[in-house]
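One structure is given below, encoded as structure tokens.
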Amino acid sequence: MNLAFYTYFYGSNNNQAFRIPDIPSLKYNCYYYTNNTTIFEALKSTNWIGIFVNIVTNDDLIESCMAGKHIKTLPHEYTELKDYTYLCFLDSKLDKLNETFVEDFIQKYFIEKNYALLLREHWFLKGYIWDEYNESMKQWRYQVENEKYMNYINNQISKGLSHTTPNHCACGLLIRNMKHPKIQQINNTWYEHIQECGIQDQISFFFVKQLFDGSIYSFTDNPFL
């Protein structure tokens, strides 16, 4: 199976996401993108393939988080990743991922059913965009952009998209079918929406998912060990 895993960390040593997660696989290549020299040096004593990215960020959580949205949403633009048939992105703060789970879902939903993207349904937030917004406001980094989120949400609703969905997704784990004819369009559209919305990408994905109904599958199974 032509599969790779990847994650990233952009920011200073004081960033709350400053960590190296358990490697999800020893069978497949696992890439860790970072602009942090401490993380990059530490990766050399792990099985992660460290990729240093020359992007300057500071202690501003919004700036460093936004910088990472590019690699999260547009892996087809990265030399190391673009030739894989399947990619699995995992947030660096997540628990250890079950490699067999990813393989089984690729077989079932990409090879047999031809979906473009797989995500886990949110485990406690259901399909109402303002619930996602209100939950986000419990975190300072989202509070500072609250008007941006409100304007974005209202703009999408005014364009005819719905404020409800039967399957609201968490975006910390993304399994991509990189050879699907719509995957690059999904990636590019999501990144464009993030530019308008802000760093809370579960808000933007709430609406992007509606634009690609039939190409995205959400699951309720636990993908972690």
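Among MET137, MET178, MET66, the largest mean-square fluctuation in a Gaussian network model of the chain, built with springs joining Cα atoms closer than 10 Å, belongs to MET137.
Quote the relative contact order of the range 117-208 in percent (integer), defining contacts as alpha-carbon pairs under 8 Å separated by 6+ residues.
42 percent
When +1 charges are put on Lys and Arg Cβ atoms and -1 charges on Asp and Glu Cβ atoms, the dipole computed for the range 3-119 relative to its Cα centre reaches about 120 debye.
Could you grab the relative contact order for the chain? Cα pairs under 8 Å, six or more apart, rounded to a whole percent. The partial results should precede the final answer.
On the way: 373 pairs, mean separation 55.2, N = 225.
Relative contact order, the chain: 25 percent.
You can think of it this way: the chain between ASN134 and ASP22 has 37.2 nm of extra reach, that is 0.36 nm per residue less the Cα-Cα gap. Of the residues GLN202, GLN139, GLN210, the one that moves most in a GNM of the chain with alpha-carbon contacts below 10 Å is GLN139. Measuring against 22 Å, Cα to Cα, the residue pairs LYS148/LYS209; LYS96/LYS148; LYS44/LYS96; LYS113/LYS159; LYS27/LYS108; LYS159/LYS179 contain LYS96/LYS148; LYS113/LYS159; LYS159/LYS179 as the ones spanning a longer distance.
D for the chain, whole µm²/s, Stokes-Einstein with Kirkwood Rh over alpha-carbon pairs at 37 °C and 0.692 mPa s: what number?
Numbers: Rh = 18.0 Å.
It comes out at roughly 183 µm²/s.
A Cβ-based charge dipole, computed about the Cα centre of the chain with Lys and Arg at +1 and Asp and Glu at -1, lands at about 300 debye. With a simple spin-label model that places each label point 7 Å from the Cα along the Cα-to-Cβ direction, the separation between GLU192 and LYS148 comes to 1.9 nm.
Once the Cβ-Cβ distance between ASN167 and VAL53 is put in as r, and R0 is 35 Å, what FRET efficiency do you end up with, to the nearest 0.05?
Numbers: r = 33 Å, r/R0 = 0.94.
The calculated FRET efficiency here is 0.60.
Quick one: longest stretch of the chain between exposed loop trypsin sites (Lys or Arg not before Pro), exposed meaning at most 14 other C-beta atoms within 10 Å and loop per DSSP? The longest such stretch corresponds to 180-225. From the alpha carbon centroid of the range 208-222 to that of the range 77-131 is 10 Å.
A dipole drawn for the chain from +1 and -1 charges on Cβ atoms has a positive end, and of ALA116, TRP130, PRO223 the residue lying farthest that way is ALA116. Taking every DSSP beta bridge that has both ends in the chain, the antiparallel portion is near 35%. Electrostatic tally near PHE18: other residues with Cβ closer than 14 Å to its Cβ, Lys and Arg +1, Asp and Glu -1, net -1.
Read the figures in this text as sums done on the coordinates, not as results from a lab. What you are looking at is a predicted structure, and each value in this text was computed from that prediction instead of being measured. Please note: Cβ atoms are built from the backbone with ideal geometry, for glycine as well, and neighbour counts cover all protein chains shown.
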